[in-house]
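Bear in mind these aren't lab numbers, they're just calculated from the coordinates by the rules spelled out. Model, not experiment: these values are computed from the prediction. No Cβ is skipped: glycine too gets one built from the backbone with ideal geometry, and neighbour counts run over all protein chains shown.
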Amino acid sequence: MSKVLVIGAGGVSSVCVHKMAMNAGIFSEIHLASRTKAKCDAIAASVKERTGQTVHTYEIDAEEVPALTRLIQQIGPKLVVNLALPYQDLPIMDACLAAGVSYMDTANYEPKDEAKFEYHWQWAYHDRFKEQGLVALLGSGFDPGVTSVFATWLKKHKLKTIRTLDILDCNGGDHGQHFATNFNPEINIREVTAPARHWLNGEWVETPALTIRQNFEFEGVGPKNMYLMYHEEIESLKTHLPEIERIRFWMTFGDAYITHLTVLQNVGMTGIEPVRFQGKDIIPLQFLAAVLPKPETLGPTTKGKTNIGDIATGQALDGSGEKTFYIYNICDHEDAFHETGNQAVSYTTGVPAMIGAAMLLTGAWTGEGVFNMEQFDPDPFMDMLNQHGLPWQVKELAGPLTF
Ligand code: NDP
């Protein structure tokens with residue numbers, strides 16, 4: 001029985017808070033604070049209608065550390081779950097330390113003026129959390145999050161060591177819009193337009209964004225083009241599972257998405273440098289995000305499935321030589337919407353956020369300091385995925401990917 005404070009009231013938060021309310025035995029009191037209180041109230045109203053549970057709501061700018069510290073002290077939660085944007089990670093961690101409360105998030109810190117997805121800013125908090133006997137769990141979404149837990153599960157139950165790891169993120173959903181992103185547009189476009197980087201034999205290999213493409217047949221979705229990208233779990237996995245020789249991350253994009261993005265990039269609309277416009281500095285990407293459909297509005301129209309998983313190759317645990325396993329979850333956009341009022345990209349992030357919080361609050365995962373998902377026992381997390389809407393499957397493949 002634990003009190004929790006969730007920060008941020010977008011699509012991911014909406015799913016997570018609904019799922020927390022459905023597990024009142026773990027989350028006995030739910031508090032929700034965000035920049036726009038009306039969005040917290042809308043989530044609270046939906047939760048009340050669907051589950052009968054009460055969510056307490058507040059307005060807060062999470063970048064105002066003293067005000068956030070006071071709010072945390074006033075509420076007195078056991079855990080703060082950060083589902084705002086990556087820019088707020090460090091201020092929220094600062095407020096947690098000032099208030100003496102543990103922390104969790106789903107995406108690593110990014111400075112606003114640089115599209116740099118790196119963990120070192122947050123890892124630098126390790127000693128301060130440790131000294132206070134607090135835990136900070138980083139990246140408890142799907143990717144990062146479940147994809148790292150999938151890797152540790154394979155390492156625990158199927159493979160002695162992992163030699164190569166490919167993470168495949170497929171969204172086969174169609175929202176019926178010309179161009180829209182399935183999570184925060186600003187964060188999504190910064191990620192997709194960044195150079196691709198993968199880990200190979202102890203070094204980063206960098207290639208221009210969206211230039212390496214492969215076609216892959218995804219169960220439940222069909223054949224899709226997927227592109228090599230940088231993704232933050234590569235950094236934490238190569239650190240915590242240093243035996244892995246090659247880690248790559250692939251994400252699917254349709255031709256229309258790529259065409260729109262290319263045009264927007266070519267005309268400068270994805271830039272993050274300020275541009276003077278009518279006497280005011282504006283960031284082109286922030287303006288673009290303001291005119292694009294809000295991800296939380298895509299739920300009612302999105303049809304199709306997501307399929308996200310890991311393909312890992314290494315020496316089998318049973319001594320039978322090198323083996324390859326594919327472990328994945330398939331999630332249906334319409335089912336996700338029916339259950340929580342949000343499409344599957346928010347659902348596949350919000351459910352693992354609830355589960356990560358449950359791991360900490362129930363004591364299934366304990367620690368002092370800053371941790372990534374792959375540093376904990378995967379089994380209790382994997383059990384909860386099966387019970388709470390993200391069932392997974394594992395199958396043996398003939399060998400690693402041939403590209
Ligand atoms: P949204 O943009 O829908 O929601 C973000 C929320 O944060 C909004 O309610 C916003 O407020 C609030 N917010 C922004 N700035 C502040 C601030 N200064 N103080 C308080 N609240 C603030 O994003 P999503 O729900 O799509 O994504 C949430 C997080 O999940 C992001 O960090 C994203 O990167 C991460 N994510 C992780 C994934 C994973 O698999 N690991 C996958 C998808 C997303 P307002 O309503 O006023 O704008």
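The table below lists the values:
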read-out	value
Signed unit charges on C-beta, dipole axis of the chain, positive-most listed residue GLY363, LEU168, ALA45	ALA45
Only Lys, Arg (+1) and Asp, Glu (-1) charged, at Cβ; the chain dipole about Cα centre in debye	360
Inter-centroid distance (Cα atoms) of the stretch 323-361 relative to the stretch 212-262, Å	18
Three-way shape call for the chain based on the alpha-carbon gyration tensor, with the a/c threshold at 1.5	rounded
Rounded to the nearest 20 debye, dipole of the stretch 51-114 from Cβ charges on Lys, Arg, Asp, Glu	440
Charge dipole magnitude, Cβ of K and R +1, D and E -1 - the stretch 49-179, Cα centre, debye nearest 20	920
Furthest towards positive pole of dipole, VAL101, ALA24, SER2, structure part the stretch 2-138, Cβ charges	ALA24
Value at 222 nm in deg cm²/dmol, rounded to 500, when DSSP H runs of n ≥ 4 in the chain each add -39,500 (n - 2.57)	-10500 deg cm²/dmol
Relative contact order (percent, whole number), the chain, Cα cutoff 8 Å, 6+ residue spacing	21
Extension gain from THR161 to ALA256, taking 0.36 nm per residue of separation minus the Cα-Cα distance	30.3 nm
Cross-link table LYS78/LYS130; LYS112/LYS280; LYS116/LYS323; LYS19/LYS303; LYS224/LYS303; LYS19/LYS78, entries beyond 23 Å C-alpha to C-alpha	LYS116/LYS323
Whole-number percent relative contact order across the stretch 1-134, with pairs defined as alpha carbons under 8 Å at least 6 apart	23
At R0 = 30 Å, FRET efficiency that the Cβ-Cβ distance of VAL263 and GLU217 yields, to 0.05	0.55
Exposure rule at most 13 other beta-carbon atoms within 10 Å, DSSP loop GluC sites (Glu not before Pro): the chain longest free segment	244-403
Förster-model FRET efficiency, 45 Å R0, ASP379 and GLU64, C-beta, rounded to 0.05	0.70
Residues of the stretch 369-403 with amide N under 17 Å of a point placed 7 Å along Cα→Cβ from ASN201	none
Label-point separation, HIS126 to ASP174 (7 Å along Cα→Cβ), nm	4.8
Span-like helix ranges in the chain, DSSP H, alpha carbon extent 24 angstrom or more, Kyte mean at least 0.5	344-362
